[in-house]
Amino acid sequence: MYADVIIDISAKSLDRVFQYRVPEALEDIVSVGTAVQIPFGKGNSLRKGYIVSLGTEPKYEVSRIKEIVAIPKKDLTIEDTMVGLAQWIREQYGGTQYEALRTVIPVHEKVQKKAKRILRRLTSAEEIYAVYMSAVNKKHKAKARLLEPFCTQDFIPYELATGKMNVTKATIDYYIGQGMLAVVETRDELYEGDGLTVTLNEEQDEAVRTVLEKRYLGKPFLLFGITGSGKTEVYLKIIEQIIAEGKQAICLIPEIALTYQTVLRFYRCFGDRVGYVHSKMAAGDRYEQFERARKGEISVMIGPRSALFTPFPNLGLIVIDEEQERTYHSESAPKYYADEVAKKRAADCGAAVVLGSATPSVKSYYLAKTGEYELIKLTKRAKTGAALPSATIVDMREELAAGNRSIFSRALKQALADCLSNKQQAMLFLNRRGYSGMVSCRSCGEAITCPHCDVTMTLHRSGRMQCHYCGHTIQLPDVCPNCQSKYIAAFGTGTQKIEDFVKKEFPDARVMRMDADTTKGKDGYETILSAFSEGKADILVGTQMIVKGHDFTNVTLMGVLMADMSLGVSEYSAAERTFHLLAQAAGRAGRDRYPGRVIIQTYRPEHYALQCAAAQDYPTFFEEEIGFRKLAKYPPCASMLKVLGLGRDEGKLSEAMKALGETVRDETITVLGPTPDFVRFTQDVYRQVLYLKCAERAQLKAAKDRMEQMHFDNISIQFEFDN
């Protein structure tokens, strides 16, 4: 028996394996993921490695292949546990061991050590406080935000001010010029936090007690709190106790745009014990953050799903904020779900898992209702006097019948005018999900759906419409099949068009736009969020990135344009995604002392997802949605596996996909397809999919394992479980 071994999992040699012979005495003991001692290099020095595959065929001349010496007999290191986690991920979600290891373990990248810059106070705290109060009274928000920490401490990291606090360099330079602050380089000083007091109400306090008292029972916790109910304060209080016990915590957040806002709040509590990672961070900087965690220099790591693999030696808590977000699902192999991996990692090290959301995923709430999760509820907003906004659903069919062909309803236009006259801010959310080819009637609101799958069909450039679940196709109709109206077409608009329209309608308004185009730069998110937070714009136009977790105290109006657009996505979860987006959008308005208002424009006002989102009524939405899932046998009431095939020869790809389907088809597994994927081909590579549905996930995993044993020339197969 021969084993492919990776020598150093933290270095670039991750891209290369070395083959070793397995001694007969170890053949029944070793497996993929096993740590081994092997002779390496000309001097045959003993090194530690990890087996990534096993086989019976030598790849080189047998006499040149060295033999594994032993299996280390000692306690597991953090590297061992992470390799074990990688192996579990590969077994659960498919892919190769290399892909799983790359996911779990950061490849070493050298990074030049930088001197830490701090912003030091040069004058007394009393003088700073006086200037701070002057900035508050003059409503100079950025200046007040910068000066506030200096009322109680001598210095803060420079990067905290420029990034996490959303303060511009010009504002910092102003106070440097006044002789009040200075930038100093240091490698030694450590900021312990300013002792930010987290004050909890009765509900929040009970939530903290529940988690701390029941964390060793093995159940994850679902913290279901309405928008503005103070879930972050609950996380902070729990983490405070975890750190006091000498353990570490990971806090996952869904968007890069939230990173700095979240890190600021954590930093003020825990100081330099907080680290963060995100996808725009250089590989070297990311590796440095993980090394700090490994060495015990930080106690809390914040970031998107990659932060889940922080090599903390004594992990005590994993928080997944906004757990319903799709960004927690990896779109590249291995296609894992962060919540499932978090539960596995927590089980391995005795940590607790807390999932938080104002609009939980159907899966998580279902698991809470069935007793697999411990459900904790926060039912009121944390800020005194803050209440949920009032919501109005506007039927755009009636607007059209009344002669209004504008993208703004009369109600939204008047609400914007009122908001501007009151010197308050507004946000306009363009729900662009499903933009690519969803066809709807502007007269009756009906979307063209598949007669076999009850999902909307997608329009392609050829003029043909196709269902991407069963492959059914039709020609784009000239009139609406429901009401015979000629007002039927694929429709949509972009944020830039909305921005131009707002400027035309309200020429005196200051308008900003936040979308993929305006946030391309390194600091794109922070620049826009900082400017809007400081009141440098009256109206912020954007896609879904503007509705996720931001807390702007002067925003009193949220306008949702084309609210039903995401209902046109060819997925069974379209209603869930729509509800999440709209409920999150509604939660941005009226978060402080001013009452909020939400106006939702739609061509399908009767849909339960829109009605429940407007009412912020998640339980009613869940009951409607879970009834549909049970009837159609969709997750979480059943399990579903997507099998994606890729190949340059469409005919051979079709044959391979059919063979895969026939291999696993039986009385317990329903096989749908094969059918072309949503994108039939990219870069001359054809894509086809199979959908497997079954009551038990274990049976689908066994089916996946059987399909992984099948090999086809020039055909690549990927697997993705659906939640």
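The values are calculated or read from the model by the stated rules, or taken from the named source; none is laboratory data. Every value quoted in this text rests on a predicted model; they were computed, and no experiment measured them. Backbone-built Cβ (ideal geometry, glycine too); neighbour counts: all protein chains shown. Accessible surface areas use protein heavy atoms only, side chains included; no ligands, DNA or RNA. Shrake-Rupley method; radii C 1.70, N 1.55, O 1.52, S 1.80 Å.
Of the residues making up the range 101-141, those that are at pLDDT 85 or above and either under 33 Å from the mean Cα position of the chain (by Cα) or crowded, with 17+ Cβ neighbours inside 10 Å (or both) are T103, V104, R121, I128, V131, Y132, A135. The number of residues in the range 630-645 being touching an Asp or Glu at 6+ places or on another chain (Cβ under 9 Å) and in contact (Cβ under 8 Å) with a residue 60 or more places away in the chain comes to 10.
Determine, yes or no, whether F712 is modelled with pLDDT under 90, over 28 Å from E340 (Cα atoms) and either open to solvent by 40 Å² or more (accessible area, probe 1.4 Å) or not β-branched (V, I, T) (or both). Before you say what the answer is, go through the steps one by one.
Values: modelled with pLDDT under 90: no; over 28 Å from E340 (Cα atoms): yes; either open to solvent by 40 Å² or more (accessible area, probe 1.4 Å) or not β-branched (V, I, T) (or both): yes.
Against the criterion (modelled with pLDDT under 90, over 28 Å from E340 (Cα atoms) and either open to solvent by 40 Å² or more (accessible area, probe 1.4 Å) or not β-branched (V, I, T) (or both)), F712 does not qualify.
Right, K504: at pLDDT below 70, within 30 Å of T556 (Cα to Cα) and either under 28 Å from the mean Cα position of the chain (by Cα) or assigned to a helix (DSSP H, G or I) (or both) or not? Taking the combined requirement at face value, the residue does not satisfy it.
Please specify each residue of the range 474-501 satisfying the condition of being in a loop (DSSP other than H, G, I, E, B), in contact with a Lys or Arg (Cβ under 6 Å, 6 or more places away or on another chain) and either at pLDDT 85 or above or loosely packed, with under 13 Cβ neighbours inside 10 Å (or both). Please lay out each step first, then the result.
So in the range 474-501, the residues in a loop (DSSP other than H, G, I, E, B) come out as 476-487, 491-494.
Applying the additional criterion that residues be in contact with a Lys or Arg (Cβ under 6 Å, 6 or more places away or on another chain) yields 479, 487.
Of everything in the range 474-501, just one residue is in a loop (DSSP other than H, G, I, E, B), in contact with a Lys or Arg (Cβ under 6 Å, 6 or more places away or on another chain) and either at pLDDT 85 or above or loosely packed, with under 13 Cβ neighbours inside 10 Å (or both), namely V479.
Checked against (1) modelled with pLDDT of 90 or more; (2) open to solvent by less than 60 Å² (accessible area, probe 1.4 Å), E662 passes all but condition (2). State whether the residues of the range 397-412 include one that is modelled with pLDDT of 90 or more, crowded, with 20+ Cβ neighbours inside 10 Å, over 30 Å from E206 (Cα atoms) and in contact with a Pro (Cβ under 8 Å, 6 or more places away or on another chain). No. In contact with a strand residue (DSSP E or B) (Cβ under 6 Å, 6 or more places away or on another chain), polar (S, T, N, Q) and touching a residue at least 24 places away in the same chain (Cβ under 8 Å) - does that describe any residue in the range 691-708? No, that holds for no residue.
Counting only strands (runs of 3 or more DSSP E) that fall entirely inside the range 1-92 and contain at least 3 residues that are modelled with pLDDT under 85 and of a type outside the set (G, A, S), the qualifying elements are 45-55. The residue of the range 348-365 that is surrounded by the fewest Cβ atoms within 10 Å (Cβ to Cβ), among those that are more than 23 Å from A614 (Cβ to Cβ), at pLDDT 95 or above and not charged (D, E, K, R), is A351.
Just to check your reading of the model, which residue among M640, M657 is in a helix (DSSP H, G or I), closer than 24 Å to C467 by Cβ and at pLDDT 90 or above? Exactly one of M640, M657 is in a helix (DSSP H, G or I), closer than 24 Å to C467 by Cβ and at pLDDT 90 or above, namely M657. Which of the residues belonging to the range 660-688 are within 26 Å of Y337 (Cβ to Cβ), free of Cβ contacts under 8 Å to residues at least 24 places away in the same chain and either of a type in the set (G, A, S) or not in a loop (DSSP other than H, G, I, E, B) (or both)? Within the range 660-688, V671, V679, T682 meet the criteria. Only a single item in (1) over 24 Å from the mean Cα position of the chain (by Cα); (2) in a helix (DSSP H, G or I); (3) among the charged types (D, E, K, R) is not met by E606, and it is number (2).
Which count do you get for residues in the range 612-637 that are part of a helix (DSSP H, G or I) and crowded, with 19+ Cβ neighbours inside 10 Å? Even if it seems obvious, please write down each step before you answer.
If we filter the range 612-637 for residues that are part of a helix (DSSP H, G or I), which is where we start, we get 612-615, 618-632.
Filter again for crowded, with 19+ Cβ neighbours inside 10 Å, leaving 612-614, 618, 621-622, 625, 629.
Matching residues across the range 612-637 total 8.
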